[in-house]
Every structure is written in C-alpha cells, then in structure tokens.
1. Only one of these conditions is not met by residue 305: (1) of a type in the set (A, V, I, L, M, F, W, C); (2) within 34 Å of the chain's Cα centre (by Cα); (3) not in a loop (DSSP other than H, G, I, E, B). Which number is it?
2. Residue under question is residue 328, and the condition is that it be out of contact with any Asp or Glu (no Cβ under 9 Å at 6 or more places or on another chain), surrounded by fewer than 15 Cβ atoms within 10 Å (Cβ to Cβ) and not assigned by TED's automatic domain parsing to the domain that holds residue 253; does it hold?
3. Please enumerate the residues belonging to the stretch 128-146 that are in contact with a strand residue (DSSP E or B) (Cβ under 7 Å, 6 or more places away or on another chain) and small (Gly, Ala, Ser).
4. Which of the residues belonging to the stretch 279-302 are modelled with pLDDT of 95 or more and over 25 Å from residue 230 (Cα atoms)?
5. Just for the stretch 8-47: of the residues that are more than 18 Å from the chain's Cα centre (by Cα) and closer than 19 Å to residue 76 by Cβ, which one is nearest to ligand 2 (Cβ to nearest atom)?
6. What tally of residues in the stretch 42-67 results from selecting those that are small (Gly, Ala, Ser) and more than 19 Å from residue 80 (Cβ to Cβ)?
Amino acid sequence: MTALKLTNVNKSFGSVHVLKDINLEVEDGEFVVFVGPSGCGKSTLLRVIAGLEDATSGDIHIGEDEVNLTPPSKRGIAMVFQSYALYPHLNVAGNMSLALKQEKQPKAVIQERIERASKMLNLEDYLERYPSELSGGQRQRVAIGRAIVREPKLFLFDEPLSNLDAALRMNTRIEIANLHRQLGASMIYVTHDQTEAMTLADKIVVLRDGRVEQVGSPMELYNNPANQFVAGFLGAPSMNFLPAGLVLDGDTRTMGLRPEDLYLSEDGAFAVEVSHVEQLGGDTNIIAQMKGQQITARLFGQHAVSAGQTLTLGYDAASAYFFDASGARV
Ligand code: ADP
Ligand code: MG
C-alpha cells in the first residue's frame, strides 16, 4: 500500500514559487530521504505534508485519505524537528505523554507506550529528568520518543541531527535506522547531508530549487545519476567535473570522474601538481591542479605524497560520466 502520495503539489509564498509540481509516492514501511542544498524547499515540502502549510495546488493523500484540508493533528503523522523544543517544565515522561493526554488516551495506554518507547530509545533511566538535565543527544531522543508514542502512520523528520556533534550524529543515525527496522513505520527524513541520505534511505528524493531532480535507491543514484547536479551532490568528496577535451580530442562535453575512481598510474591521463593532501589514515585525498582545473583523487590506504609534487593519475574509461552543456547525462 502507499503511505503517501503527492500529485502535482505546488507551493508559493506570495510571488515566490517554492515547490514546483512535486509528484511522489512513499510505500508502506519505506524510509524516504529528501535531500538537497539549503533553501531548495525540503522543509516546506515536509510542512505541506504535515499540514502546517497549505499547498497552493495539488493533492496530498496519506494512506487512502485525501488530506488537503485535514488539520495536522488529524493526519496521523508525527514530526520531529531540528530544534527539539521540549517543554522545559515537564520531565521526560511528561514531555512524551503530553500529546497522548491531549488525545485523552487512557492512563494504562500512556504508561505502556512510554515504557515501550523509552526502552527503544534507552531513556528508561531518565524519565524523571527535566530537559535541562539531559545532553543534546538525550533531548533529541526524547523528541523522537514523543513522536513514537503517538504511533503515527507516517513519521516526518526535519534535519533532526543537525544540532548534534559528529560522533553523536553517527550514533543517533544508527539508532534511527534501528528504530525504523523495529517499528516498520513509513518515515520521511529531510537532510542537506548526503551521507545521512546515502546511509539511511531506502529511497532518496533529490530536490533542487523546488523540483524533484531524481528519485531512486542510494546506489541507483550513485551509479546512475540522471544529471550533473545529482552526480555532484551524492558522493564525498564530490565528483570531479572536467572539460572532456582535456583527454578526448575535440570532445565538448563535461566529463565526470569520482575521486575514488582515480588512481596513481605512470602512464595515466592526467599529469597533475599536488596542491593539498588530506591524510585520513584509512585513505588519502589528493587535491591537485592540472591546466587550470582542480582534480581530487581518493586513494585507498596511506600514500607518501605532499604538496608541490607532480604525479600522474589514471582512470578506467568505464568509470567516466559525461554531461552536455545543460547538465543532462549523455
Ligand atoms: P530547505 O528546508 O530546503 O532549506 P525551505 O523549505 O525552508 O528550504 O525554504 C525554501 C524556500 O522557501 C526558501 O527560499 C525560503 O526562503 C522560502 N520560504 C520558506 N518559508 C517561507 C515563508 N513562510 N515565506 C516566504 N518564503 C518562505
Ligand atoms: Mg529546512
């Protein structure tokens, strides 16, 4: 069954057209990530799905129901925001139970759901604590718990990890993936971070300037990007874009080469001068210059390379992508 279906959804704020003809389906139990640069319309799209903003035109179905005019509280969704906005005067249990009390759920139901959610989120020992007595990661888990206890048909996450430090972000990312497996619920997760998108999603929706650029599994998008924007957005370090004429006489296209597809080679295609080296231990990023172009290579393992050195990089013809002047894959 389909958990969510958007048909020709548009959203304008006054004369500013923010969402442009969005068509999209989320299957039951699917983890869908909306990814794109800041300002491309991710939050607006999530808020339109939640009912916090009205679509200017188009249809929104959640499950079987058309919800265009349904208020947020009746849509069967729960939303987790970047700023977790817990009630400071309520303890963890109080924060998690508030919505259920407002729904007038029986005490036993509330008790049971809080127990289950706090066990899932490792918050059992913190139920009596107030938000000011919790770490950032714990607060974000309470915010997620508040969503879980409502047993929504659809979870909406808007950049929930942005306020956490790098180590905590990775742990919480894994927790969210586990949670999705345990709950089997449909989830939509918004992020500008391609790593979060690649690691969490069953299906990635790449947005740019209010339009859907491409939809597919992480590996479909990585291996088979429809255009230069998607190719450059997914993968880190980003794909190199070079005039194909540098190595293919008379070719006017743009050539795309992933840093991980370049290697050191005596008779390689690119004679480069190294301008910077990032030694990461497990691998080595080489940033180099060649005929006024910058090229980044990601080499597996450790390499004794330093700035100022010249070397030659090679690639296999099969690993090259090509784009026309409009950015379309050719
Ligand atoms: P993202 O979440 O991808 O960073 P947003 O959805 O927040 O992007 O914003 C998309 C665009 O819509 C931005 O240009 C933003 O300025 C504009 N926008 C968002 N909300 C409003 C609003 N209430 N009024 C006017 N413009 C808005
Ligand atoms: Mg946003």
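The values are calculated or read from the model by the stated rules, or taken from the named source; none is laboratory data. Bear in mind the structure is a predicted one, so any value in this text is a computation, not a measurement. Cβ coordinates were reconstructed from backbone atoms using ideal geometry, including for glycine residues, and neighbour counts include every protein chain displayed.
1. (3) is the only condition that residue 305 fails.
2. Details: out of contact with any Asp or Glu (no Cβ under 9 Å at 6 or more places or on another chain): yes; surrounded by fewer than 15 Cβ atoms within 10 Å (Cβ to Cβ): yes; not assigned by TED's automatic domain parsing to the domain that holds residue 253: yes.
Yes; evaluated as a whole, the condition is true for this residue.
3. Step one: list which residues in the stretch 128-146 are in contact with a strand residue (DSSP E or B) (Cβ under 7 Å, 6 or more places away or on another chain), which gives 143-144.
Passing the criteria: only 143.
4. Correct list: 279, 280, 281, 282, 301, 302.
5. For the stretch 8-47, the residue satisfying everything is 9.
6. Let us first name the residues in the stretch 42-67 that are small (Gly, Ala, Ser), namely 43, 50-51, 55, 57-58, 63.
From what is left, the residues that are more than 19 Å from residue 80 (Cβ to Cβ) are 55, 57-58, 63.
Count: 4.
To keep it simple, each residue is scored yes or no on (1) at pLDDT below 90; (2) more than 26 Å from residue 105 (Cα to Cα).
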site: 147; (1), (2): no, no
site: 161; (1), (2): yes, yes
site: 169; (1), (2): yes, yes
site: 180; (1), (2): no, no
site: 184; (1), (2): no, no
site: 196; (1), (2): no, yes
site: 199; (1), (2): no, yes
site: 203; (1), (2): no, yes
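Residue-by-condition table, conditions (1) touching a Gly at 6+ places or on another chain (Cβ under 9 Å); (2) free of Cβ contacts under 8 Å to residues at least 40 places away in the same chain; (3) within 16 Å of ligand 1 (Cβ to nearest atom); (4) farther than 18 Å from residue 186 by Cβ:
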site	(1), (2), (3), (4)
1	yes, no, no, no
15	no, yes, yes, yes
35	no, no, yes, no
38	no, no, yes, yes
42	yes, no, yes, no
67	yes, yes, no, no
82	no, no, yes, yes
85	no, no, no, yes
89	no, no, no, yes
